[in-house]
Structures are given as structure tokens and as C-alpha cells.
There are 2 protein chains.
Amino acid sequence: MTPDPDGHGSTPRLTPGARRILDVASELFYRRGIHAVGVDTIAAESGVTKRTLYDRFGSKDELVTAYLRARDLRWRALVVAAADAAPDPVRRALAPFDVLGGWLDTSDRGCSLVNAYAELPDPAHPARALITEEKRWLRELFRAALAEAGVPDPDTLAGQLLLLHEGAMVTFSVAEDPGAAAAARSAAAALLGHASA
Amino acid sequence: MTPDPDGHGSTPRLTPGARRILDVASELFYRRGIHAVGVDTIAAESGVTKRTLYDRFGSKDELVTAYLRARDLRWRALVVAAADAAPDPVRRALAPFDVLGGWLDTSDRGCSLVNAYAELPDPAHPARALITEEKRWLRELFRAALAEAGVPDPDTLAGQLLLLHEGAMVTFSVAEDPGAAAAARSAAAALLGHASA
DNA sequence: CTCGAACTTCACAGACCAGTGTACTAGGAG
DNA sequence: CTCCTAGTACACTGGTCTGTGAAGTTCGAG
């Protein structure tokens with residue numbers, strides 16, 4: 001039960017080479033885009049041969065999926081920690097907005113899942129299920145907190161909070177608005193106040 | 001002054017070949033992604049040679065920019081028409097949300113500008129200026145309508161409406177939520193009601 | 001009749017792409 | 001000693017990528 005022995009989030013055990021491959025791939029995929037980065041580059045920058053990369057991950061598509069999964073796990077851990085620390089259900093519903101600002105400071109290229117969606121039009125791609133699942137998860141977190149807070153229509157309101165959250169992610173990067181997270185939080189609070197008034 | 005003689009929006013005059021190239025490129029770029037579509041494919045599907053494509057557009061990057069510009073012009077025309085038909089400033093501020101549902105019915109892959117942003121990490125790419133400018137334009141449209149409506153802080157509220165709008169675009173496609181546009185409109189109306197109360 | 005715009009054909013360059021086959025080495029555990 | 005895991009080295013396949021060069025065709029307007 002030693003939690004997180006290698007300090008990289010709750011990613012399953014990886015060999016040292018695989019760890020380096022995943023770290024390098026994450027940085028390059030996020031920074032330059034998935035299609036724009038070749039496996040040769042990833043292998044070279046990891047100090048590993050392409051053979052090792054394919055022995056560990058099987059294909060580029062699966063490496064892409066591993067990259068998105070690891071990043072998603074880091075994000076979820078952050079959100080869950082904040083939600084668990086919240087004093088009441090309303091603050092718990094706002095927890096994702098509380099951590100969003102800090103997260104975006106290290107994520108100037110926006111949401112990796114949204115960006116990946118843009119590059120992976122095939123609905124059968126293994127990463128696509130992961131992408132929709134993450135959005136569903138966040139929406140459910142909103143809904144559960146709102147239901148516990150006793151707002152009239154938690155499902156509708158959860159959908160609206162999700163809109164604000166995704167909007168903040170994309171507006172921060174695409175529209176180059178550094179205040180997007182704060183604006184989303186205050187809008188969310190306004191909607192909550194309005195609904196519970 | 002014959003308006004829009006070829007029914008393709010106010011795109012500048014193009015030769016017949018260039019018109020077909022742009023139409024085909026728009027469809028393929030939007031549907032499959034920019035990096036995933038080669039100029040050979042575009043030329044072949046347009047019934048045109050690669051030579052013609054390069055004679056007309058100069059480079060793939062400029063063709064990409066032309067695609068985004070044409071699509072943006074169609075979207076802006078739709079919004080402006082709805083805003084001009086609005087009976088009062090508040091309805092004018094909601095106009096983008098009114099047309100969003102219908103627009104998304106023909107745009108199941110989400111916002112072409114957001115998708116393009118994901119694929120074009122280089123800030124110097126000619127399309128990047130176009131992308132940020134479009135978001136700035138929409139925000140200004142919100143702000144002007146809200147100022148005329150006399151809400152207390154039109155600038156802040158305009159930013160929040162933009163969040164809802166971008167959030168609806170991305171949630172509709174990425175989170176596969178067909179009700180995103182309606183949810184965004186009702187959230188926007190709630191924020192407006194709250195602000196003007 | 002001539003000029004020019006639009007377009008064709010086709011070969012070519014030079015780079016990059018994902019992915020595989022074969023043979024080899026270092027180190028730890030049973 | 002022997003087996004297993006992780007990794008190395010490296011050539012190679014078959015394909016795609018953007019972009020260019022050179023020469024020829026079609027057709028309408030002046």
C-alpha cells in the first residue's frame with residue numbers, strides 16, 4: 001500500500017525506460033500535438049530505441065492513450081483532493097473551479113483531452129472513450145454535490161457548470177484570456193446563488 | 001453590388017478550380033483534421049492537380065487559413081443576422097446562443113477554430129491570429145449589447161457569456177451532449193436575469 | 001489573331017511516417 | 001548455471017508528406 005512510490009501519480013508500474021518514454025511523450029504530445037510528433041523523436045529524446053518503445057506500448061495509438069490517461073489521473077487527483085477538503089456541498093461543487101486556475105498555469109496549451117479530440121476524429125480510437133468518460137465523470141461530480149446541497153434541478157445545473165468549466169479551459173488558451181478560471185468560478189457561484197435563492 | 005453570386009458566403013472571388021479546392025478542403029479538414037489530410041488528397045477530390053492548388057493558394061498553411069476564414073465568415077453572418085433581428089439589447093446578447101443549436105446540427109465535430117488551435121501550436125501560424133480575433137469579436141459583441149442593456153459590469157458578464165458559448169461548442173462535441181446549446185442559453189439568461197435584477 | 005489566365009500531366013526531390021526482424025548484452029532471481 | 005526481463009543496435013519495408021520544375025492545353029476577351 002505504499003502510495004505513489006515514484007511520484008508520478010497513480011500510473012501503473014512501468015519499467016524505467018517506459019517511464020521516460022511516457023514522460024517525454026506527454027511533454028511532446030501536449031506541446032506540439034499528437035500528429036506532429038513522431039515515434040522516432042520520442043524514442044530519441046527518451047534515450048531509448050524504437051524497439052523498446054514498441055515492446056512497452058505496442059503502438060503509437062496506445063502510447064497516446066497512456067499519455068492522456070496519466071494526465072487525466074493527475075487532474076482528477078487534484079480535483080478530488082479539493083472536493084474532499086471542501087467544508088460543504090456547495091463549496092464541493094465549486095472545487096473544480098478552485099483548482100482550475102493553478103492547473104492552467106502549467107497548462108498553457110489548454111485541455112489535452114479537447115486537443116486530442118480535435119486530432120482523433122475516429123470514434124473507434126481507444127483514447128476517445130477515455131475523453132468522453134472524463135467529461136461524464138466531472139459532470140457526475142457536479143451533480144452529486146448539487147444534489148447533496150439540495151438545489152432544485154441538480155442535473156441541469158451540473159450541465160451548466162460543466163459548460164463553464166470547459167469554456168474556461170478553452171477560453172484560457174484559445175482566446176488567450178488569463179482570467180478565464182476566475183470568471184468561470186464567479187459565474188458558477190452566481191448560478192448557484194440564483195438556483196438556491 | 002450583386003450580393004453573394006455563388007452562394008458561398010462573402011468569400012473573395014475565386015476561380016472555379018479554387019472554389020472546388022476550398023470546398024473540398026473545408027470538408028476534409030473539418031471532418032478528419034488538418035494534419036491528417038494531405039494536399040494530394042485535396043487535389044484529387046477536387047478534380048484538380050496539385051499544381052493548380054499551389055498556384056491558387058501558395059501553401060497548405062494558407063489553404064488552411066482560407067478554410068478557417070470562410071467558415072468563420074459563415075458563422076459571423078449567421079450571428080449578425082440574428083443580432084440585427086433582436087427586439088432589444090438583452091435578446092441581442094442572447095442571439096449567438098439562439099443560432100448555436102442550429103449551427104451545431106451541421107457541425108458535429110465541434111468548433112473548427114478550437115480544433116485548429118489544437119493542431120497548430122506555432123503562435124506564428126497565419127491562422128492563429130484569425131482564431132484569437134474571432135473570440136475577441138464575439139466577446140465584443142456580447143459587451144456592446146450588455147452595455148446598451150445597462151447591466152452593471154458588461155465587461156465581466158461578456159467574458160462569462162463567452163465561457164458559456166465556448167463551453168457549449170466543446171461540450172456538444174467532446175462530451176457528446178446534444179443539449180449543450182440549450183443549456184448554455186438558459187445559463188446565459190439566468191446570469192443576465194441575475195445581473196439586471 | 002494573339003495574349004493571358006486557368007488548368008493539365010508527370011516526374012521528382014528530400015524528408016518523414018509507423019512499425020518490424022534479427023541478433024545481441026547486462027543483471028538479477030531461482 | 002540457467003532463465004527471464006529490460007534493453008541495445010540497426011537495417012529495412014512500404015508508404016506518405018509538402019512542394020517544385022518544365023512543358024503543354026483550352027478558351028474567352030480584346
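Screening B:Ala175 on (1) within 12 Å of chain A (Cβ to nearest Cβ); (2) under 21 Å from A:Leu163 (Cβ atoms); (3) of a type outside the set (Val, Ile, Thr); (4) touching a residue at least 12 places away in the same chain (Cβ under 8 Å) shows it passes everything except condition (4).
Scanning the range B:33-48 for residues that are under 18 Å from the mean Cα position of the chain (by Cα) and more than 10 Å from DNA strand D (Cβ to nearest atom) returns a single hit, B:Gly33. Counting only helices (runs of 4 or more DSSP H) that sit wholly inside the range A:49-161, those with at least 2 residues that are more than 16 Å from DNA strand D (Cβ to nearest atom) and free of Cβ contacts under 8 Å to residues at least 12 places away in the same chain are A:60-85, A:89-105, A:126-149. Go through the range A:13-44 and give me each residue that's assigned to a helix (DSSP H, G or I), touching a residue at least 12 places away in the same chain (Cβ under 8 Å) and within 12 Å of DNA strand C (Cβ to nearest atom). If the condition is that a residue be assigned to a helix (DSSP H, G or I), touching a residue at least 12 places away in the same chain (Cβ under 8 Å) and within 12 Å of DNA strand C (Cβ to nearest atom), then A:Ala25, A:Leu28, A:Phe29, A:Val39, A:Thr41, A:Ile42, A:Ala43 are the ones that fit. Being more than 9 Å from every other protein chain (Cβ to nearest Cβ) and closer than 20 Å to A:Ala175 by Cα holds for only one residue in B:Ala182, B:Ala168, B:Ala149, B:Ala188, and it is B:Ala188. Within the range B:54-112, the set of residues being small (Gly, Ala, Ser) and crowded, with 18+ Cβ neighbours inside 10 Å comprises B:Ala66, B:Ala70, B:Ala82, B:Ala83, B:Ala93, B:Ala95, B:Gly110, B:Ser112.
The test for being modelled with pLDDT under 95, within 16 Å of DNA strand D (Cβ to nearest atom) and crowded, with 18+ Cβ neighbours inside 10 Å holds for A:Ala18.
The values are calculated or read from the model by the stated rules, or taken from the named source; none is laboratory data. As the structure is a prediction and not an experimental result, all values here were calculated from the model. Backbone-built Cβ (ideal geometry, glycine too); neighbour counts: all protein chains shown.
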